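The structure appears below as structure tokens.
The values are calculated or read from the model by the stated rules, or taken from the named source; none is laboratory data. Please read all numbers here as calculations on a predicted model, not as lab measurements. Because the Cβ atoms are built from the backbone with ideal geometry, glycine has one as well, and the counts that use them run over all protein chains shown.
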Amino acid sequence: MIRIKITVLVLFFLCNNLFAKEFPECKEYFFIKENQTEQKQSSLEKILNEHPDNLQCMLKLSSLYLRNNKVSQGFDLIRRAYVLDPKFVESKNISKILDIALRLSKLKEAARKKSDLKLWNELGDIYFEMGIFDEAREAYTISLLLDATQTKIEILLAICYKNLNQNLKSAKRLKNIVQKEPYNFYANYYLGKLLKNVLKHKKEGEKYLLMAEYIINYTKPKFEDEAEFLYLKNDLEFELGKK
């Protein structure tokens, strides 16, 4: 099992450092202005399509993918470059994230080959912990296609949508869970907070928050630990104006 923890700020810092050096080739790329991201990507993809072993362009495109939140694609390119020439990749700034890139790329490949929902969930959990919610969303979506009964994964997917500012999609998924499982604490809790604080449906949101309060007080749902229980209980009291 692969366990990786890295903060979003650290990843962002490393990705920015990947641009510290310009690669000597990919000449077409240099004629594009700094803020023309789509043209940069298109130009690099075109070069790689014509010259698939061009390592300089491969790493340049991987850096661009990482900065544009296409993390999985960026990691896959780093791995591809590493297979072609390990020493070349290890000599570049990108080697700072080489380990995580190789591990996550391999995990994704294994999940795809085996069609294994546990591997997709593991990949989603890693990206979720890293705060890379678009990649987590993709992994959880595939997992649910393999087994639609995974309530926990469906809730995590809804949280991904919320963090990607797709709030209506998030609310719809959470409502579907509540309809199937009326006493699911997390679905009621997150739906209540989303409706009340983000979508500004205060009364409707409070209805779900009151249900979450009832569940936590009378049905004894399982939490990760005592600290989570106390945090959620206190937050519910705050949301419902009892603090």
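Couple of notes before you dig in:
- Restricting region 160-211 to residues that are in contact (Cβ under 8 Å) with a residue 24 or more places away in the chain and among the acidic types (Asp, Glu) leaves a set whose member that is surrounded by the most Cβ atoms within 10 Å (Cβ to Cβ) is 206.
- Which listed residue is in contact with a Pro (Cβ under 9 Å, 6 or more places away or on another chain), among the hydroxyl-bearing types (Ser, Thr, Tyr), within 19 Å of residue 240 (Cβ to Cβ) and at pLDDT 95 or above, from 183, 190: 183
- Positions within region 212-243 being among the charged types (D, E, K, R), part of a helix (DSSP H, G or I) and exposed (fewer than 10 other Cβ atoms within 10 Å of the Cβ), in sequence order: 226
- Residues in region 114-153 that are charged (D, E, K, R) and within 14 Å of the chain's Cα centre (by Cα): 122, 125, 129, 134, 135, 137, 138.
- Close pairs from region 226-243: first among the hydrophobic types (A, V, I, L, M, F, W, C), partner loosely packed, with under 10 Cβ neighbours inside 10 Å, Cβ under 9 Å, at least 6 apart: 236/242
- For residue 32: the one exception among (1) modelled with pLDDT under 80; (2) under 25 Å from the mean Cα position of the chain (by Cα): (2)
- Residue in region 139-156 that is touching a Ser or Thr at 6+ places or on another chain (Cβ under 9 Å) and crowded, with 20+ Cβ neighbours inside 10 Å present: yes
- In region 148-171 there is no residue matching the filter, namely being among the small types (Gly, Ala, Ser), farther than 30 Å from residue 218 by Cα, in a helix (DSSP H, G or I) and out of contact with any Lys or Arg (no Cβ under 7 Å at 6 or more places or on another chain).
- Answer from 43, 91, 62 - the residue that is free of Cβ contacts under 8 Å to residues at least 24 places away in the same chain, buried (at least 17 other Cβ atoms within 10 Å of the Cβ) and small (Gly, Ala, Ser): 43
- Of the helices (runs of 4 or more DSSP H) contained entirely in region 57-125, those carrying at least 2 residues that are of a type in the set (Val, Ile, Thr) fall at 71-84.
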